[in-house]
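Scroll down for the structure; my scribbles are underneath it.
The values are calculated or read from the model by the stated rules, or taken from the named source; none is laboratory data. Just so it is clear, the model here is predicted, and its values are computed rather than measured. Methodologically, a virtual Cβ is constructed for each residue, glycine included, from the backbone with ideal geometry; neighbour enumeration extends over all protein chains shown.
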C-alpha cells in the first residue's frame, strides 16, 4: 500500500487512499485548511461535540451544570464544562512531580501534574496527569480536572442571613492515611487550614471553615484528594431540610417510561440550586 | 514478614507493569499512522455532487457509480423495521494497484431509528451462519477505467460533464433506491417500496397523478420528467461534500512551554509511592483510557467526520474499550471468502452536522467502523455488501 505507481493513479480527482506521494494536491489543502490546523485559540469556537450531551449543551438546551448533576450524567467532554461555567473557572497547578522508571538506558522521567480548578462559587475539580513534558501534563490535568467538577454545598454557621459561607455540617473525607475534617465556622473566621487544602477550599467558594487533619499529610496527593472527597460529601449529607420527598424529573436521555407511571405525591424540590433557607 | 515483602514486591511489579503499558501506549502514538480524515463542506454547486464527478458526499441522495444494477430487495431495507434505509454517506476510494478498482465507491446506509440501531448492535456479535439482521449496510462498487458508464478521461470540471448513459429510474419519494414498482394509476411514478409510494401519495402525488394521466392522454410520446424528490418532505439528511485531508497536516509545532517555573505548593523533588493510588482513582479504567486517547487524537482536527486508512498496521480509533470486536467477530468476505480489513470509520461529529435532534430516542452512535474485503474482489453482484461494526455509548452511566 505504501508504493503508488507514478503513472496511472487510481480514480479521477480527489479520493481517499491516495497515498503519501500526493503532495501536489496539498496546495489546495494548505490554503483551505490552514486555519483549521493553525490557531489553537479558536478551539472552543470550533468545538464539534462528540456526545449527545455535548450536542445538547452546544445547542443551548442545557444551561447550567446543575441540570447535569441532577441526573448524574457523565460528562465526557471538557468543553461542556467550559461552555457552562465559562470564564469563571480558574485553575491552579498544585504540584509537578517527576516520576522515574528504570530502563536499560538509564532512567526515564515523566512529570505528574496535579491541577485544581474551580469557580469559587460552588464547583471544584481535581485532575492528575502524567506526561513526558510538563506542559503536556499540565494541559492534560486541566482537562481531567474540568471533567471531574463536582458541586459543593455551603451552609450557615448560625443565623441564616446573607449568602452561605461555610460547610453545612461537619464532614470528613479520607484518602490513604489522611483524614480531613471540615467544621463550620462563623463569618470572618476565614479558612483555617494548611496551605494545600486551603487552596482547594478557596476554589470551592467556602469562605470560613475550621479544619482538622490526621495522618501523613505530607503526602500531598492524599491530602488534596481527602479534601476533595470531603467536599463531595457535602451534598451527600441528609439534613432536615431535605426530608421532603423529591419528585423525579425526566432526564434528557431517559424516555417517557414507567418512571412517570408510578404515582408520586411530593412537591417538586430543586435540590441543587436553592440557597439554604 | 515474608508475606508482607511478597506483597510489596508484587505491588511494585504491578505498578511497573502499568508503567509498561502506559509506555507502550505512548510509543504507539508516536508511530506515524497514516490516516486521512474527511471534513464536511457545503458544496459549491449541487452539480458537483453528481455521479460523473465521482464525489465523496454526505446526505441527500446517493450518486450511484453503476447507475443500472442498483441494490434491491432485502439489501435496501432495514432488517428490523422493514423501512427502506436512508443514505448516510459515500466515499470515493479508488485503489491504484488493480485495474478493476480504478473507480471505487463505498456507500453507507442506515436506518434512522435508534431502536433499530440498538438491535443492530446486539446482532452484530452473531456469526454469519446465524444470518444476523442489520440496520446499517455498506455497499462497495468498483469499475475499471474503461467502462460503459463514464468517459475514460477525467472530468473536465467546466460544467459540461455528463455521464455517458442515463441511469435507472429512482424512487420518486426518496430518490435513493431503484424505482422498480410504479404507481398503479398513472403508471409513471417509480417507487422503491410500498411505504414510499404511500407517503408520496399522501403528500402530493394524489393530485399530481390525475394531471399526469391527463397529460398522457393528450401527449403520449413525451417522457414526463418527474420532479426531483422533495428532500425536506422525506427527511433526507442535508447534503454536504466531503473534503479530504491528511491527518499529519494538523500536527502542531512543539507545544509552547507553559513556564516550568509555575509555583507549586510543594517543592518539586519530593516524590512518593502513594501517588499510584491517586492515579488509580483519577486516571485508570480502560474505558476512560480509551476515551482519553480518543479525545486526544481527534483534538488535532476536531471537526473530522471520517477517518480512512487502508494500511494494515492502522487500528480503528475506538472511543470506548467495551463493545470492540475481536478477530473472531469479523467474518470473511461474503463473495471471495478472503479476510476483511479495516477501511474507514464514521465519527460521531457527523451527527452534529446532520442536525440530528437530541431527544432521548434520537440517533446517536460512538463510532461506526467499516471493514471491507482486503482484495476488493470482483463478483457479478455490482454492489457488494461489506461488514460494519457499530459501537454505541452505553446508556447507563459506566463508572
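Observations
- Within segment B:90-123, if we keep just the residues that are in contact with a strand residue (DSSP E or B) (Cβ under 8 Å, 6 or more places away or on another chain) and more than 24 Å from residue B:375 (Cβ to Cβ), the residue that is nearest to the other protein chains (Cβ to nearest Cβ) turns out to be B:117.
- The listed residues are A:11, A:27, and the only one of them that is crowded, with 21+ Cβ neighbours inside 10 Å and either modelled with pLDDT under 85 or in contact with a helix residue (DSSP H, G or I) (Cβ under 7 Å, 6 or more places away or on another chain) (or both) turns out to be A:11.
- Sole exception among (1) surrounded by fewer than 19 Cβ atoms within 10 Å (Cβ to Cβ); (2) touching a strand residue (DSSP E or B) at 6+ places or on another chain (Cβ under 8 Å); (3) modelled with pLDDT of 90 or more; (4) away from chain B (no Cβ under 11 Å) for residue A:211, by number: (1)
- Those residues of segment A:66-87 which are more than 8 Å from chain B (Cβ to nearest Cβ) and part of a loop (DSSP other than H, G, I, E, B), in sequence order: A:71, A:75
- Test: residue B:155 is under 21 Å from residue B:53 (Cβ atoms) and crowded, with 17+ Cβ neighbours inside 10 Å: yes
- Filter result for residue A:63 (in a loop (DSSP other than H, G, I, E, B), surrounded by fewer than 17 Cβ atoms within 10 Å (Cβ to Cβ) and at pLDDT 85 or above): yes
- Lone unmet requirement of (1) at pLDDT 80 or above; (2) surrounded by 15 or more Cβ atoms within 10 Å (Cβ to Cβ); (3) under 27 Å from the mean Cα position of the chain (by Cα) for residue B:181: (3)
- Flag if residue A:124 is farther than 30 Å from residue B:358 by Cα, touching a residue at least 60 places away in the same chain (Cβ under 8 Å), touching a helix residue (DSSP H, G or I) at 6+ places or on another chain (Cβ under 6 Å) and in a strand (DSSP E or B): no
- Evaluation of residue B:82 against (1) touching a helix residue (DSSP H, G or I) at 6+ places or on another chain (Cβ under 7 Å); (2) modelled with pLDDT of 85 or more; (3) surrounded by fewer than 20 Cβ atoms within 10 Å (Cβ to Cβ) (one fails), failing number: (1)
- Boolean, residue A:228 is in contact (Cβ under 8 Å) with a residue 24 or more places away in the chain, in contact with a strand residue (DSSP E or B) (Cβ under 8 Å, 6 or more places away or on another chain) and surrounded by fewer than 16 Cβ atoms within 10 Å (Cβ to Cβ): no
- Here segment A:169-179 is the region considered, the condition is being touching a strand residue (DSSP E or B) at 6+ places or on another chain (Cβ under 9 Å) and farther than 13 Å from residue A:234 by Cβ, and the residue that is surrounded by the fewest Cβ atoms within 10 Å (Cβ to Cβ) is A:177.
- Just so you know, in segment A:130-155 the residues that are outside any helix (DSSP H, G or I) and either more than 14 Å from chain B (Cβ to nearest Cβ) or under 13 Å from the mean Cα position of the chain (by Cα) (or both) include one that is nearest to residue B:292 (Cα to Cα), and it is A:148.
Residues checked against (1) more than 11 Å from every other protein chain (Cβ to nearest Cβ); (2) more than 21 Å from residue A:118 (Cα to Cα); (3) at pLDDT 95 or above:
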position	(1), (2), (3)
A:162	yes, yes, no
A:199	no, no, no
A:203	yes, no, no
A:218	no, yes, no
A:224	no, no, no
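- Residue in segment A:88-108 that is crowded, with 18+ Cβ neighbours inside 10 Å, under 27 Å from residue A:185 (Cα atoms), within 14 Å of chain B (Cβ to nearest Cβ) and under 15 Å from the mean Cα position of the chain (by Cα) present: yes
- Screening residue B:153 against (1) touching a residue at least 24 places away in the same chain (Cβ under 8 Å); (2) closer than 14 Å to residue B:102 by Cα leaves a single unmet condition, (1).
- Positions within segment A:180-197 being buried (at least 19 other Cβ atoms within 10 Å of the Cβ) and modelled with pLDDT of 95 or more, in sequence order: A:180, A:182, A:184, A:185, A:191, A:193
- Scanning segment A:136-164 for residues that are buried (at least 19 other Cβ atoms within 10 Å of the Cβ) and out of contact with any strand residue (DSSP E or B) (no Cβ under 9 Å at 6 or more places or on another chain) yields a single hit, A:153.
- Among the numbered conditions (1) over 19 Å from residue B:335 (Cβ atoms); (2) modelled with pLDDT of 85 or more, the only one that residue B:155 does not meet is (2).
- Restricting attention to segment B:26-73, the residues that are within 14 Å of chain A (Cβ to nearest Cβ), over 19 Å from residue B:244 (Cα atoms) and either surrounded by 13 or more Cβ atoms within 10 Å (Cβ to Cβ) or modelled with pLDDT of 85 or more (or both) total 2.
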